[in-house]
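Worksheet: one structure, shown below.
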Amino acid sequence: MLLYSLTSFILLFHPFHVSVSSVRYAEAEQSLQITIKIFADDLEDALNEPPYRADGQPYVDVLNPKDTDALNRVVEAYVRKHFEITVNGKTAKPVYLGYELEGLAMWCYLEVKEVIKVEQIKVHNTILTASFDDQTNIVHVDYQDEIKSLKLTGSDAEGEVTFE
């Protein structure tokens, strides 16, 4: 019983730090549809540390925001700074579509338009790596039903997949 209670307590505060991103090619739309799942409380911690929040600025409440538009702008800036994608050797400029909260998770949505064919995708992902030494960012790339995955960390934040 004590072991069960201790395990439940530990899992409640998720002692691991991970984000999961999905980059999926949508052939009909000729776009890359990107989702990034982040623990909202970890993101809140990061957004309330320098350089994101300076002295005198209001606390960023991710789970219970008073101003969702303001939070959307802060999250967009953070994601743009920490998630970069290159397609076929060219730096992509994803359109940020917004976010959703689902329990303790935040889902961020982006889209890279006008992608005709994918031969190579390079991802640079430093989400939460400055805040948590053990942060791992998993990236799944799905192109024409072929899925390749990357495991990115603070010391190895960039990875590449190729398709024929």
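Does residue 66 qualify as being open to solvent by 20 Å² or more (accessible area, probe 1.4 Å), closer than 26 Å to residue 148 by Cβ, over 15 Å from the mean Cα position of the chain (by Cα) and free of Cβ contacts under 8 Å to residues at least 60 places away in the same chain? When the stated conditions are applied, residue 66 does not pass them. Cβ-Cβ distances below 6 Å connect the following pairs, each with a first residue in the stretch 125-136 that is in contact (Cβ under 8 Å) with a residue 40 or more places away in the chain, a second residue that is of a type in the set (Val, Ile, Thr) and in a loop (DSSP other than H, G, I, E, B), and a separation of six or more residues or different chains: 135/129. Of all residues assigned to the stretch 69-82, none qualifies as being aromatic (Phe, Trp, Tyr), closer than 12 Å to residue 23 by Cβ, open to solvent by less than 20 Å² (accessible area, probe 1.4 Å) and at pLDDT 95 or above. Scanning the stretch 105-129 for residues that are surrounded by fewer than 17 Cβ atoms within 10 Å (Cβ to Cβ) and over 14 Å from the mean Cα position of the chain (by Cα) turns up 113, 114, 116, 117, 119, 120.
Screening residue 54 against (1) part of a loop (DSSP other than H, G, I, E, B); (2) open to solvent by 60 Å² or more (accessible area, probe 1.4 Å) leaves a single unmet condition, (2). Just to check your reading of the model, which residue among 153, 136 is modelled with pLDDT of 95 or more, touching a Leu at 6+ places or on another chain (Cβ under 9 Å) and open to solvent by less than 60 Å² (accessible area, probe 1.4 Å)? 136 is the lone residue from the list that is modelled with pLDDT of 95 or more, touching a Leu at 6+ places or on another chain (Cβ under 9 Å) and open to solvent by less than 60 Å² (accessible area, probe 1.4 Å).
The set of residues in the stretch 93-103 that are open to solvent by 80 Å² or more (accessible area, probe 1.4 Å) and either in contact with a strand residue (DSSP E or B) (Cβ under 6 Å, 6 or more places away or on another chain) or small (Gly, Ala, Ser) (or both) comprises 97, 100.
The values are calculated or read from the model by the stated rules, or taken from the named source; none is laboratory data. All values reported here derive from a predicted model rather than from experimental measurement. Cβ: placed from backbone, ideal geometry, glycine included. Neighbour counts: every protein chain shown. These area figures cover heavy atoms from the full protein model, side chains too; ligands, DNA and RNA do not enter into them. Shrake-Rupley method; radii C 1.70, N 1.55, O 1.52, S 1.80 Å.
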